[in-house]
Amino acid sequence: MTQSPWLSIVLLGVAITGYAWMMPKQASKDKGSEFQSEAAYEQLLEDLEAENRELVDAVAKFKREQDDTVDRLSRRIVDMEHQMKLWSLQAQAATVQAAATMLVQPSVAAPSSDSEKSAIVDSDIVQAPIVQTPFIEPEADPIVIPPSSIRGRYPELLELHDRGRSVEQIAKAMNMNKGEVQLILQLVRREEEQHA
C-alpha cells in the first residue's frame, strides 16, 4: 500500500497545526510564571528595603536617645566634680581656721579654783582673735562633654573612608564587622543631610 502524496501533506499540515496550537499556550504559561516570579522578587526587594529603612530609623532613634543620656550624665558628672572641689576647699578652709585658732591661744597653767577657771576661759575668749579665711572660689574648669556626633565618635573610621578605603579595608583596620562600618557610614550621611 502506497500512500498518496496529498495524504502525507494533509497529515503533515495537521501535525504542524496541532503543534502551533499548543505552542502559544506554553509560551503564555511561561510568561505568566515568569511575570509572577518577577513580581514576587520585586515585592521581596521592596519589603527588604522597607525593613532596612525601619532598622536604620530605629538605630538612629536609639542613638539620639543614647546621646541625650550620655550628655545628661556628662553634665551631672561635671556638676558633681565641681561640688566636690567646693567641699574640698571648704574643708581646707575649716582646717586652716582651726589650726590658726590653736596657734593663737596661749598656753595656761592649770587653774586651781572655779573662779580662776572662769576668768581664764573669759580671757581666752577675749584674747583669741577671730581669724576669718576668705572664701576661695574654685577655678571654673571648662565643661568637657564628649562629642555627640558620629563624626566625633569615629574620626579614624571616617578618615579611612575619606581616603577612599573600601568597607572591607576599614572593617579590617578598625577590627569591626562590615555591617557596623556600613551602618556608621549610613548614619554619618543621614546626620550630614539633617544638618545641611
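What follows draws every value from the coordinates through simple rules; no lab data is involved. Just so it is clear, the model here is predicted, and its values are computed rather than measured. Heads up, the Cβs are rebuilt from the backbone with ideal geometry, glycines too, and the neighbour counts pull from every protein chain shown.
Across region 65-73, computed HN-Hα scalar couplings (Karplus, 6.51 cos²θ - 1.76 cosθ + 1.60, θ = phi - 60°) run 4, 5, 4, 4, 5, 5, 4, 4, 5 Hz from first to last residue, x flagging Gly and Pro.
The alpha carbons of region 149-196 stretch over 30, 19, 17 Å along the principal axes, in descending order. Rounded to the nearest 20 debye, the dipole magnitude of region 149-196 is 100 debye, with +1 charges on Lys and Arg beta carbons, -1 on Asp and Glu beta carbons, and the Cα centre as origin.
Shape summary of region 30-81, radius of gyration then Dmax from alpha carbon positions: 22.4, 75 Å.
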